[in-house]
Amino acid sequence: MKGRLPDDVKRLIDAPNFACLATLMEDGWPKAEPVWIAREGERLIIATDRKSIKSTNIDRDPRVALSVTDYADPYEQALIRGRVVEAREDNDLVILDAMALKYLGTPFPRRRWSSRVAYFVEPIVARYYQSPLRHRPAQTHEDAS
């Protein structure tokens with residue numbers, strides 16, 4: 001499946017769904033955090049500050065994993081493993097602004113950064129899964145009042 005994203009995976013990535021990005025720390029431990037995600041053809045895009053831990057991890061070891069869940073139905077998901085194949089400077093925030101429009105409806109509001117970078121991930125394994133479970137969280141104490 002190398003390099004090819006199933007249509008359902010593309011649909012989840014193209015919607016304003018958050019992804020969880022896993023990178024590898026220097027000692028081998030995984031680090032996971034929520035990120036915005038975009039796509040350029042078959043490659044995935046993650047943007048960050050060049051001084052972030054995830055940037056340091058990616059620069060040292062380009063292997064990453066991502067999970068994307070549907071915002072309205074977290075039982076619909078995409079699971080991706082891949083390799084960062086390009087780091088593109090984004091100090092003018094062109095890539096980040098496009099992502100912010102998708103997630104916030106406006107250009108990225110914080111304009112001052114020391115250095116921004118967009119990482120392009122080539123998928124090696126990408127699969128889609130739709131669980132028959134339905135997201136119906138139990139009512140919380142705050143909801144009852």
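Only one of the numbered conditions (1) crowded, with 19+ Cβ neighbours inside 10 Å; (2) in contact with an Asp or Glu (Cβ under 9 Å, 6 or more places away or on another chain) is not met by His135, and that is (1). For Ile37, the requirement of being under 21 Å from Ile124 (Cα atoms), in contact with a strand residue (DSSP E or B) (Cβ under 8 Å, 6 or more places away or on another chain) and surrounded by 14 or more Cβ atoms within 10 Å (Cβ to Cβ) is met. The residues on offer are Val64, Val85, Val68, and the sole one that is surrounded by fewer than 16 Cβ atoms within 10 Å (Cβ to Cβ) and among the hydrophobic types (A, V, I, L, M, F, W, C) is Val85.
Scanning region 1-54 for residues that are at pLDDT below 95 and among the charged types (D, E, K, R), which turns out farthest from Ala98 (Cα to Cα)? Per the criteria, the residue is Lys2. Considering (1) within 14 Å of the chain's Cα centre (by Cα); (2) at pLDDT below 95, the lone condition that Ala72 does not fulfil carries the number (1).
Taking the conditions (1) among the small types (Gly, Ala, Ser); (2) at pLDDT 95 or above; (3) surrounded by fewer than 15 Cβ atoms within 10 Å (Cβ to Cβ) in turn, Ser115 satisfies each one other than (2).
The values are calculated or read from the model by the stated rules, or taken from the named source; none is laboratory data. These figures come from a predicted structure and were not determined experimentally. Heads up, the Cβs are rebuilt from the backbone with ideal geometry, glycines too, and the neighbour counts pull from every protein chain shown.
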